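The next block holds one structure in the form of structure tokens; read it before the comments.
The values are calculated or read from the model by the stated rules, or taken from the named source; none is laboratory data. Just so it is clear, the structure is predicted and the values come from calculations on it, not from any experiment. Neighbour counts run over all protein chains shown; Cβ positions are idealised from the backbone, glycine included. The area values use the complete protein model at the heavy-atom level, side chains included, leaving out ligands, DNA and RNA. Shrake-Rupley method; radii C 1.70, N 1.55, O 1.52, S 1.80 Å.
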Amino acid sequence: MSTERVKCLIIGSGPAGYTASIYASRANLSPVLYEGIQPGGQLTTTTEVENFPGYPQGITGTELMEDLRNQALKFNTDIRSGLVTSADLSERPFKITIDEEKDILADSLIIATGATAKYLGLESEEQYKGQGVSACATCDGFFYRGKDVAVVGGGDTACEEASYLANLCNKVYLIVRRDVLRASKAMQERVMNTPNIEILWQYNTKQITGTPVGGVNGAILVHKDGSERRIDIHGFFLAIGHHPNSEIFSKWVRTNEEGYIITDGKSSRTNVPGVFAAGDVQDNTYRQAITAAGSGCMAALDVERFLSENK
Ligand SMILES: Cc1cc2nc3c(=O)[nH]c(=O)nc-3n(C[C@H](O)[C@H](O)[C@H](O)COP(=O)(O)OP(=O)(O)OC[C@H]3O[C@@H](n4cnc5c(N)ncnc54)[C@H](O)[C@@H]3O)c2cc1C
């Protein structure tokens, strides 16, 4: 197995990883960035992005990530394809294995491996992703203003997303599998007291309907008693959780019960000195491209400080 020593290793090529690499390159840290299985990250799975500052006309997710990549290349970030398959963070330099065939010894590490939204696993859901099916109300809700939409889930996130959409949309159906909400009392009350949110208790989604041109136009739901019901909607929002991509590191780096990496206060520091985390892998609250980019910047600045204090 070949071995290489680097000052700063960045794992992940979403907004967090690329932003970290721009800052780290400009600070002369010669960062090496591994892109992973999804070069460009989650934004490459969406069409229009209208809320990333600096693009008044909006931009597609793929183009935005191409711009970030080009900016990283401009400052000579060493961007490589490859997947981190294991990590030993027991001592510095940290040993990170790529594709089970190469070891990188890193003086500092930025984990920016993101999170993956959970979907129901329906074929129709896959068919209409980006055409009415979304896992992010903050990102895509604006496209459905004045329309009827549905949110799936019964936890705090689902209630928050339903409340957010209720401000934009004509009507919001909240599809809940059980006969209670898992959300906090305050969130439950907010949802119950919002006139344009209707909770559909004990329903599962059987199918999302639509047309290739117009996208989603409805959903077929099945009640616990076996009866079926159709709702007419244009947006179908999943709010059943995310899966942070932290397993490889969780033996060393402290995570919360959902697997999000815990960072120290207003920093990107993990419990392992020299290991930093940025973006959705450590953020179960905001989960936006701009917040991921912001935390990537923080991680690079934290690395710079760490390396100068630990020569
Ligand atoms: C459908 C959709 C639409 C969205 N729309 C918007 C929007 O309009 N505006 C907005 O602000 N946000 C939007 N978001 C949210 C936004 O995409 C995320 O908040 C953001 O991408 C998080 O960035 P990140 O850098 O933390 O991680 P990600 O974008 O999740 O990138 C993670 C990176 O880590 C890499 N990786 C993972 N594991 C490994 C490994 N083992 N080895 C090497 N690399 C690895 C992956 O290949 C990937 O490159 C949307 C999300 C989705 C799913």
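Details
- Restricting Thr138, Thr116 to residues that are near the ligand (Cβ under 9 Å from one of its atoms) and in a helix (DSSP H, G or I) narrows the list to Thr138.
- Taken together, Ser13, Ser2 contain a single residue that is of a type in the set (S, T, N, Q), surrounded by 15 or more Cβ atoms within 10 Å (Cβ to Cβ) and in contact (Cβ under 8 Å) with a residue 40 or more places away in the chain, which is Ser13.
- Checking the stated criteria, Arg26 turns out not to satisfy the condition of being within 14 Å of the ligand (Cβ to nearest atom) and without any contact (Cβ under 8 Å) to a residue 60 or more places away in the chain.
- Scanning the range 16-42 for residues that are open to solvent by less than 20 Å² (accessible area, probe 1.4 Å) and among the aromatic types (Phe, Trp, Tyr) returns Tyr18, Tyr34.
- Residue list for the range 286-311, restricted to those being open to solvent by 20 Å² or more (accessible area, probe 1.4 Å), small (Gly, Ala, Ser) and within 16 Å of Gly265 (Cα to Cα): Gly294
- Qualifying residue in the range 173-180 (condition: in a loop (DSSP other than H, G, I, E, B) and basic (Lys, Arg)): yes
- Scanning the range 45-68 for residues that are polar (S, T, N, Q) and either near the ligand (Cβ under 7 Å from one of its atoms) or crowded, with 17+ Cβ neighbours inside 10 Å (or both) yields Thr45, Thr46, Asn51.
- Filtered residues of the range 104-126 (kept if open to solvent by 20 Å² or more (accessible area, probe 1.4 Å) and either touching a Pro at 6+ places or on another chain (Cβ under 6 Å) or more than 20 Å from Val303 (Cα to Cα) (or both)): Leu105, Asp107, Thr116, Ala117, Lys118, Tyr119, Leu120, Gly121, Leu122, Glu123, Glu126
- Condition broken by Arg182, with the remaining ones in (1) open to solvent by 50 Å² or more (accessible area, probe 1.4 Å); (2) in contact with a strand residue (DSSP E or B) (Cβ under 6 Å, 6 or more places away or on another chain) satisfied: (2)
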